[in-house]
Every structure is written in C-alpha cells, then in structure tokens.
Amino acid sequence: MTDNIDILRTTVEKAWEDRSLLSAGETRQAVEEVISLLDRGRLRVAEPEKGEWKVNDWVKKAVILFFPIRSMETTEVGPFEFHDKIPLKRGYAGLGVRVVPHAVARYGSFIAPDVVMMPSYVNIGAYVDTQSMVDTWATVGSCAQIGKGVHLSGGVGIGGVLEPVQAAPVIIEDHAFIGSRCIVVEGVRIGREAVLGANVVLTASTKILDVSGDKVREYQGYVPERSVVIPGSMPKEFPAGNYNVPCALIIGQRKESTDRKTSLNDALRQHQVAV
C-alpha cells in the first residue's frame, strides 16, 4: 500500500506542475484512484500525527485535478435532477450510514459507519467519522475533518478549502458539540469535546478570549479541548469611531459530570448562560 501511495503521490505532483499530463491515461487513473481512496476513507486530506494535524497537500491537489478530467453528467433521483461533474455518493446501506432525505454527499467524501445525515450536504474530500450527526441544513465543506461522535447542529456551516493547497482544513475533533447556526471556517480547529453555543462565528482572525479566569487569555484559530464557547463582542477603534466587533468567549470548561452526548443547553446551563 505504501509503495502504491508513493507512486500516486509522484504522479499527482507531476500533473500538478504540468497539466498537459492529464491527457495521459495513467495520470487520469492515478487521480481517480486517489479520489476512490478518499471516498473509502483510506486516504485523508489531513490526519492526526503526534498530537498535531498533518495536511496532505498532494491529496488536495488530486481533488483539484479531478475536476478537469471529469465531464458534466446528469443524475436523476426520482423527480430530482442534478447536473455536475462529481457523482453522488452511493451504497449507504452497505456503509452502515443513515441518510435522511434530502441529505447529499458527493463522491470522494468519506462517511463512516453509524453516521446520521439529516437533510444536509457533505462535499468532496471531507471526512466524517463514526457516530457523528450532521443535522438539518448543516454543511460540511470540501476537505473538512469531522471527528468521532461530533454533533453538527441545525444550520451549522463548516467551511471548505482546496486552495491554497497548503492551507489546513477546518478540523472538528472527537465529541465536540457545534451549536445551531455556528460558522467555522478558514482552517479553525475545534478541540476534543469542546462545546460551541449557538451562532458562534470563528474565522482565522476571530479573537477567541478565555474569560473564565482572573486574566483573559487569547487564542486565534483554535478552541482548546473541553472549552465552552459563546458569541461575544469587543471594542475596536476605526477612523470613524469606536465600534464593537465579533469575538468568541470561552466561559469555562465542560464538566467531567457532563456526558459527552449531553445537550448544548445542559452544557451551557452549568455556566449560568441562557440560550
């Protein structure tokens, strides 16, 4: 397997530098094999390594190269019609995945056994691990990494990323709870078992302020594990005057007594925050 991966990587890297190679059958076959491996969870765009996350940028390159070698096709599902280059994911019964109409996942995304997809969308390159819930109208963007036992509540937007290829995708670690209408984009990482209250918006530049202690502690692009986070605002000076801009507030830690599958409301009530 390792030798084959090395061959695939070399072929993709060469085609990335010279797009004329996409006309060669062996190059197209290599790109298609990478997408097939993504679809089956045998490859990942990013993966945990020694407590950190390693981005496999060559895999993202293969995803980008997959588009020019595909032709537009019409797919009919009952009365519904789609017209796209990427086919829909299939075989959910065999995968052990529950898919509620009108949930859609693109081929090249991995959905692990025991995942529940309410009417939602998962894009190519994404990885959704076992026992996670993608709730109603939640979206999982291209290459996003969703851990085990994660709950993406209704209307959550998990951003995708393809370019620049070296950019880290959004990562939601195991057993995190992402509240309704949250937006997490631009490679932000949510630590294990963290809880985001409704409407928290996190970008790469959003200030994440831990206000649970005597002195504020600031993070950007990362929510520490087991943190309980709510939306906040902070003053900022502009040429036209002082205005409040959004931030996120860490108000405490998820208690050991709080079950991993507790509701968002219960986790926040422990910190006397109304939702």
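Along the axis of the charge dipole computed for the chain (Cβ charges of +1 for Lys and Arg, -1 for Asp and Glu, origin at the Cα centre), the listed residues Leu95, Gly160, Leu196 are led at the positive end by Leu196. Couplings for the range 7-16, taken from phi via the Karplus curve 6.51 cos²θ - 1.76 cosθ + 1.60 with θ = phi - 60°, read 5, 4, 4, 4, 5, 5, 4, 5, 5, 5 Hz in order; Gly and Pro are left as x.
Relative to the dominant Cα principal axis of the chain, helix 25-39 is inclined by about 30°.
Using alpha-carbon pairs under 8 Å, 6+ residues apart, how would you state the relative contact order of the chain in percent?
Details: 686 pairs, mean separation 26.0, N = 275.
Over the chain, the number comes to 9 percent.
Of all the options Val223, Val161, Val211, the one that moves most in a Gaussian network model of the chain with Cα springs shorter than 10 angstrom is Val211. Of the two radii for the range 92-235, the radius of gyration is 0.99 times the Kirkwood radius, both from the alpha carbons; that is the Rg over Rh value. The three principal axes of the Cα atoms in the range 2-66 give end-to-end lengths of 40, 22, 21 Å, sorted in falling order.
Check each of the GluC sites (Glu not before Pro) in the range 161-259 and keep only those in coil by DSSP with at most 11 other C-beta atoms within 10 angstrom; list them in order. Let's see the in-between values first.
Values: sites: Glu173, Glu186, Glu193, Glu218, Glu225, Glu237, Glu256; in loops: Glu173, Glu186, Glu193, Glu225, Glu256.
When the GluC sites (Glu not before Pro) of the range 161-259 are filtered for loop state and at most 11 Cβ neighbours within 10 Å, Glu256 remain.
Measuring between alpha carbons in the structure, the pairs from Lys215/Lys255; Lys61/Lys148; Lys14/Lys89 lying more than 23 angstrom apart are Lys61/Lys148; Lys14/Lys89. Taken one residue at a time, the phi angles of the range 154-161 give Karplus couplings (6.51, -1.76, 1.60, θ = phi - 60°) of x, x, 5, x, 9, x, x, 8 Hz. Gly and Pro are set to x. The chain: D in µm²/s via Stokes-Einstein (Kirkwood Rh, Cα pairs, 20 °C, 1.002 mPa s)? Taking Rh from Cα pairs, D becomes 108 µm²/s.
Put simply, the amide H of Arg254, placed in the peptide plane, has neighbours under 5 Å in Ser227, Val228, leaving out anything fewer than 5 places away on its chain.
Semi-axes of the equivalent ellipsoid of the range 150-229: what are they in whole Å, largest first, if each equals the square root of 5 times a C-alpha gyration tensor eigenvalue? Don't skip to the end; give the middle numbers.
Details: eigenvalues 78, 49, 24 Å².
Result for the range 150-229: semi-axes of 20, 16, 11 Å.
Please work out, to two decimal places, the log10 of the ratio I(q)/I(0) at q = 0.16, 0.19, 0.23, 0.24 Å⁻¹ from a Debye calculation in which every Cα of the range 68-159 carries one identical scatterer. Debye curve over Cα of the range 68-159, log10 I(q)/I(0) at q = 0.16, 0.19, 0.23, 0.24 Å⁻¹: -0.60, -0.84, -1.18, -1.26.
Any read-out appearing in this document is the output of simple, stated calculations on the displayed coordinates, not a laboratory observation. Quantities reported herein were computed from a predicted structural model and do not represent experimental measurements. Backbone-built Cβ (ideal geometry, glycine too); neighbour counts: all protein chains shown.
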